[in-house]
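The values are calculated or read from the model by the stated rules, or taken from the named source; none is laboratory data. Computed from a prediction, not measured in an experiment: that's the story for all the values here. Cβ coordinates were reconstructed from backbone atoms using ideal geometry, including for glycine residues, and neighbour counts include every protein chain displayed.
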Amino acid sequence: MKEWRKQYSNLIEAPLEEQHGPKSREELDEMKMPYEDYCRAIFAPGHEMGKPEALKGIRWMSTTMYIFTPHSVANLAELGAEVYKFEMPRMGDPMKHTSPFNEAYLYPLHDTRPVTGTGFGFLNANPNEYYVSMDYHLPEMKEAFYRIIKMSDGLTECYRPGTFDRWKQSYRYVQELNPRFIYVWGGGFGYGPKCFGGSYDILGQAHAGLASVTGHHEFMGGHCTKHSNWCIDWYSGTQITFGILAALHWRRKTGLGTMIEFSQVQAATRCLGHTAPMYGRFGIVRQRWGNWDTQLCVHGIILCGKSDFPDAINPQDRLEARYTMVSAFQDADFKALCDVIKKPDMYSKYMKHKDRVEGEAQVDIYAQLEDWAKDKSRSEVVRILQGEGLLCEPVMNDREVYENEHYRVRGTVRWMDDPLFGDVLQHGTYSAGLLSKTPRRLYWIWRPVGADNVKFYHELLGYPISKVQEWYDKAWI
Amino acid sequence: MCDIIWCKKDVDGKPCNTVNYLDPYCFWNWKGTVNCANCGTVYAIHMIQGHMYSGPDEQPAGTKPDTMPLYADKPLEGYINFPMGTEGRTRPFECLPRHIYLGVPDMVKFSIRGRPVRGWRPQPKSAGIAGQFPYNWDMKNLSPDVWAEYQEKLAKGEVKDW
């Protein structure tokens, strides 16, 4: 017996029936299930509530607004942390009133404001949280604020630099109350010469250099473009969550808290890939390349001539359902593509990938592709190219995503019955990765301002109801 | 805030030094008079798209202000402040723009698959303590008209899974 196998000798020498696992080849085959079924069984969309929560036992405070910092806490709340969202009394997170188009869709917001609701822009950034109202900058509310700090694992805040310090609740104050406390400051610029600049998603995209390389080049009639729906807010928030999880792990080892400082304008730089190193080596300032790709060709989005839904009322369906992505950058695929569109000359001209990835070549190739597609609808193009074994998928809109079987089977898009707001179509929680043992889950989308004041002040902190009512009447909570 | 009025009016031999905050909800496009929250001096201002086009011009004593600032503080004196809704000094905060800026939201009672949503106003009060809301929306009791409509939809088969 080889030396390294000796450690397993008890297993190797043991009779088969005493060992773990299947006892025969037949039994092994029986125990196997197809991979598809295996995945469905372990992820089981719709059965998340029966499984344990990875972050149960973590208590987090969220003194955040809009999307960027709230989303860092939303990730924790979906994974089972007990999160208290602190909002200004009777007003709430300004994001509740912001989007889309300043319209409020879900009521109520607060008892004192019966005609005000919350816009759907608030969705996904603060799920599963307890909603507490507190004007924590008031000296009268400091005691309650410090009390919850002593009982929590951490806090995320989004104020301008030094604001929490002025209010005597920054990291250097709270670590004296609770040395295990993890404090997150999600600032716009972070410390540095532009320390006092606030931030928004679009500012982060612009200042980090991301917007300058996004969108079509000017010769195609394009301009620098921001990604829609504040993707850098969502992205930066998720980055903070990684920081929090690392800090929690560090605390398990050392027993000590951490301060996390997170600059939104810095975060967007990370997703710029080769941009900075390329400048460092060659002095080349990267340009925009629209829906095409500077590394691969063909690998982009093309415009087809006809809409898939020419009679639809909604212009997004009627006019926009004309785009499809095509990928055929390997030589064999590119040859197949040229054959399909009956342009064998194009293949002989750009036989090597090095030739076709050049800028001028791409302009020529995509123009010829769109010329071929100009009398076809999007679904025709997809059908033809997929029939040739090429990678091609339509650019889908919201409705098509909603109706897509793939997402329904996986539970990515699903309806939920919110305890307060009723029927809500949900696409956030369950699109953020699947965990077989401790999946994300959604209990409620959000709650009205101060909806959990009694749970928080009375049940958790132990203040008498009369005190809670008094504070409420004074608009301190 | 779109702008401030830093009141320098002489009060008892000292400058008033109160910063009155002009919020965009009210003052974004505004021509009229507004008082200082501390000394009550009235200023005429004209703001266009959030910029002070003219003013602030002090008005003779006794002029009645058209409106009040939202919030004011005294930064040189340890941030003594006049919070929102201080009677006779600042305006209460309604969190709503002036009516001309208000869109009319689409108010619906049912989602696209025919199940009830709370998408209309006004809503019944929470009947809880300190803004507390019960966990479940008891539609049958709190919104009986929507409940009745929902029963009709169910009977007609208009409620779907997707």
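Pairs needed: first member in the stretch A:415-434, on the phi < 0 side of the Ramachandran plot and at the interface with chain B (Cβ under 8 Å from one of its Cβ atoms); second member anywhere, basic (Lys, Arg) and in a strand (DSSP E or B); C-beta distance under 8 Å; at least 6 residues apart or different chains.
Within 8 Å, the pairs are A:LEU420/B:ARG118; A:PHE421/B:ARG118; A:LEU425/A:ARG414.
Contact list please: Cβ distance under 6 Å, first residue in the stretch B:54-82 and aliphatic (A, V, I, L, M), second residue assigned to a loop (DSSP other than H, G, I, E, B), pairs at least six apart or on different chains.
B:MET68/B:THR90; B:MET68/B:ARG91; B:LEU70/B:ASP23; B:LEU70/B:MET84; B:LEU70/B:ARG91; B:ALA72/B:ALA37; B:LEU76/B:ASN17
Return the residues of the stretch B:104-145 that are more than 7 Å from chain A (Cβ to nearest Cβ), closer than 19 Å to A:ILE445 by Cβ and either of a type in the set (Val, Ile, Thr) or in a helix (DSSP H, G or I) (or both); say none if nothing qualifies.
Correct list: B:VAL108, B:ILE112, B:MET139, B:LEU142.
Anything in the stretch A:369-382 that is over 27 Å from A:SER431 (Cβ atoms) and either of a type in the set (Ser, Thr, Tyr) or surrounded by fewer than 15 Cβ atoms within 10 Å (Cβ to Cβ) (or both)? List them, or say none.
A:GLU370, A:ASP371, A:LYS374, A:ASP375, A:SER377
Give the residue, chosen from A:TYR146, A:TYR130, A:TYR105, that is among the aromatic types (Phe, Trp, Tyr), surrounded by fewer than 24 Cβ atoms within 10 Å (Cβ to Cβ) and more than 14 Å from chain B (Cβ to nearest Cβ).
A:TYR146
Considering only residues that are assigned to a helix (DSSP H, G or I) and either among the hydroxyl-bearing types (Ser, Thr, Tyr) or surrounded by 10 or more Cβ atoms within 10 Å (Cβ to Cβ) (or both), which ones fall in the stretch A:19-42?
Answer for the stretch A:19-42, where residues must be assigned to a helix (DSSP H, G or I) and either among the hydroxyl-bearing types (Ser, Thr, Tyr) or surrounded by 10 or more Cβ atoms within 10 Å (Cβ to Cβ) (or both): A:GLU27, A:LEU28, A:GLU30, A:TYR35, A:ASP37, A:TYR38, A:CYS39, A:ARG40, A:ALA41, A:ILE42.
Please specify each residue of the stretch A:397-414 satisfying the condition of being among the charged types (D, E, K, R), within 12 Å of chain B (Cβ to nearest Cβ) and farther than 13 Å from A:THR429 by Cα.
If the condition is that a residue be among the charged types (D, E, K, R), within 12 Å of chain B (Cβ to nearest Cβ) and farther than 13 Å from A:THR429 by Cα, then A:ASP398, A:ARG399, A:GLU403, A:GLU405, A:ARG408 are the ones that fit.
For the stretch A:184-233, how many residues meet the condition of being exposed (fewer than 14 other Cβ atoms within 10 Å of the Cβ) and assigned to a helix (DSSP H, G or I)?
Of the residues in that region, 4 qualify.
For the stretch B:43-93, which residues satisfy the criterion of being among the hydrophobic types (A, V, I, L, M, F, W, C) and either assigned to a strand (DSSP E or B) or away from every other protein chain (no Cβ under 14 Å) (or both)?
B:ALA44, B:ILE45, B:MET47, B:ILE48, B:MET52, B:ALA61, B:MET68, B:ALA72, B:LEU76, B:ILE80, B:PHE82
Any chance the stretch A:210-224 includes a residue that's charged (D, E, K, R) and closer than 20 Å to A:VAL73 by Cα?
No, the conditions are met nowhere in the stretch A:210-224.
If I filter the stretch A:111-127 down to residues being within 11 Å of another protein chain (Cβ to nearest Cβ), surrounded by 20 or more Cβ atoms within 10 Å (Cβ to Cβ) and in a loop (DSSP other than H, G, I, E, B), which single residue comes out as modelled with the lowest pLDDT?
If we take residues in the stretch A:111-127 being within 11 Å of another protein chain (Cβ to nearest Cβ), surrounded by 20 or more Cβ atoms within 10 Å (Cβ to Cβ) and in a loop (DSSP other than H, G, I, E, B), then A:THR116 is modelled with the lowest pLDDT.
Restricting to the stretch A:62-110, and then to whatever is acidic (Asp, Glu) and outside any helix (DSSP H, G or I), can you tell me which residue is nearest to A:SER152 (Cα to Cα)?
Filtering the stretch A:62-110 for residues that are acidic (Asp, Glu) and outside any helix (DSSP H, G or I), the one nearest to A:SER152 (Cα to Cα) comes out as A:GLU82.
In the stretch A:444-477, which residues are more than 10 Å from chain B (Cβ to nearest Cβ), surrounded by fewer than 22 Cβ atoms within 10 Å (Cβ to Cβ) and within 26 Å of the chain's Cα centre (by Cα)?
Matches in the stretch A:444-477: none.
Cβ-Cβ under 8 Å, sequence separation 6+ or interchain: first residue in the stretch A:398-409 and outside any helix (DSSP H, G or I), partner surrounded by 14 or more Cβ atoms within 10 Å (Cβ to Cβ). Which pairs?
Final answer for the pair search is A:ASN404/A:MET396; A:ASN404/A:VAL413.
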